[in-house]
Amino acid sequence: MNTFTETTNTASTWGLYEQMRPQEIEAIQEKTPIAYLPWGAIEYHGNHNPTGLDSIKAFNLCKDLAEKNGGLVFPVVNLAANLIKSYPGVNFPKHSIEFSENLIRLVCEEYLEQLVAQGFKIVVLLSGHAGEPHLTILKTVAEEFNNKYPDKRFWALAEFDILPNDLLVANHSAIGETSLQLFYAPETVDLETLPKDRLITLELDAVSGDDPRLATIALGEQIVTSFVKNGSIIIEELKQKYL
Ligand SMILES: [Zn+2]
């Protein structure tokens, strides 16, 4: 993935915040004061997907939204609560780095406050991890900021919030997440590690949702296209109202 030339082009309408110099940041911010905050997790996603799936998904979807609508993409926040590690009824203690709900709330509050101080008027917080109450905490903090700063907008969402159910529903390492991972980083997926002779289950495979053995790059692309289309409609409305 070569974003260097894109982020250093003076005519850029979007960029990766941490890879840019102040003048480059300000040139974009002046036109489009939108911050994208991808919120990920390090979490066991079964044997077929990498532990950073939620982070890779959130980052790339934010990047695609920014490319289409302008603005600045921040580095992924790799902090999450309510991981599969502590999910009742399953036993997957390894490969998840889990933080407390209190810490997630605090980091979210401080991050959004800093983005306000840096002059952003719209903040899109995309959570790749949908554990609860992790996701609700992020959405609640965003709502609190909407009340505190009525002239700005904080939009916290998970990707499935703006996708039709026949394309993607909340899932853990199932067909939806695995297709997205195949689309964005195919070299990190190994469907061969999934059993061929039995049903896929949450207890054995850490999969919640439809069969990941049916995942394809083409489905991942379809999900991304729909996400960017629907997300861009909402961002356009927010731009009209808040910029
Ligand atoms: Zn996930």
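The values are calculated or read from the model by the stated rules, or taken from the named source; none is laboratory data. A quick note: this is a predicted structure, and the numbers were derived from the prediction, not measured. Here Cβ is always computed from backbone atoms with ideal geometry, including for glycine, and neighbour counts include all displayed protein chains.
Only one entry in GLY231, GLY220 is within 17 Å of PHE59 (Cβ to Cβ) and either in a loop (DSSP other than H, G, I, E, B) or within 16 Å of the ligand (Cβ to nearest atom) (or both), namely GLY220. The residues listed here are LYS139, LYS121, LYS148; of these, the one that is loosely packed, with under 14 Cβ neighbours inside 10 Å and either within 30 Å of GLN29 (Cα to Cα) or within 16 Å of the ligand (Cβ to nearest atom) (or both) is LYS148. Counting just the residues of region 96-118 that are over 18 Å from ALA41 (Cβ atoms) and not charged (D, E, K, R), which one comes out surrounded by the fewest Cβ atoms within 10 Å (Cβ to Cβ)? Applying the filter and picking the extreme gives ALA117.
Yes or no, residue by residue, for (1) assigned to a helix (DSSP H, G or I); (2) more than 13 Å from the ligand (Cβ to nearest atom); (3) in contact with a helix residue (DSSP H, G or I) (Cβ under 7 Å, 6 or more places away or on another chain):
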{"position": "GLN23", "(1), (2), (3)": "yes, yes, no"}
{"position": "GLU26", "(1), (2), (3)": "yes, yes, no"}
{"position": "HIS48", "(1), (2), (3)": "no, no, yes"}
{"position": "THR51", "(1), (2), (3)": "no, no, no"}
{"position": "SER55", "(1), (2), (3)": "yes, no, no"}
{"position": "ALA58", "(1), (2), (3)": "yes, no, no"}
{"position": "GLU67", "(1), (2), (3)": "yes, yes, no"}
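Among residues of region 179-210 being part of a helix (DSSP H, G or I) and farther than 21 Å from ALA58 by Cβ, the one that is farthest from the ligand (Cβ to nearest atom) is GLU192. Of the set (1) more than 24 Å from HIS95 (Cα to Cα); (2) surrounded by fewer than 18 Cβ atoms within 10 Å (Cβ to Cβ); (3) basic (Lys, Arg), all apply to ARG213 but (1). Just for region 151-167: of the residues that are part of a strand (DSSP E or B) and under 24 Å from SER96 (Cα atoms), which one is farthest from the ligand (Cβ to nearest atom)? Applying the filter and picking the extreme gives ALA156. Applying the condition of being out of contact with any Phe, Trp or Tyr (no Cβ under 9 Å at 6 or more places or on another chain) and surrounded by 14 or more Cβ atoms within 10 Å (Cβ to Cβ) to region 192-207 and asking which residue is farthest from ALA130 (Cα to Cα) yields LEU194.
Given the options LYS152, LYS148, name the one that is farther than 18 Å from LEU72 by Cβ, at pLDDT 95 or above and over 18 Å from the mean Cα position of the chain (by Cα).
The match here is LYS148.
Kindly check whether there is at least one residue in region 168-178 that is assigned to a helix (DSSP H, G or I) and among the aliphatic types (A, V, I, L, M). Scanning region 168-178 turns up at least one residue that is assigned to a helix (DSSP H, G or I) and among the aliphatic types (A, V, I, L, M).
Inspection of region 75-91 finds no residue satisfying the criterion of being away from the ligand (no atom under 12 Å from the Cβ), of a type in the set (Val, Ile, Thr), buried (at least 23 other Cβ atoms within 10 Å of the Cβ) and within 15 Å of the chain's Cα centre (by Cα).
ILE104 falls short on exactly one of the conditions (1) in a helix (DSSP H, G or I); (2) in contact with a His (Cβ under 9 Å, 6 or more places away or on another chain); (3) closer than 25 Å to ASN230 by Cβ, and that condition is (3).
From the list GLN29, GLN19, the one residue that fits, being at pLDDT 95 or above and either among the aliphatic types (A, V, I, L, M) or within 20 Å of ALA185 (Cβ to Cβ) (or both), is GLN19.
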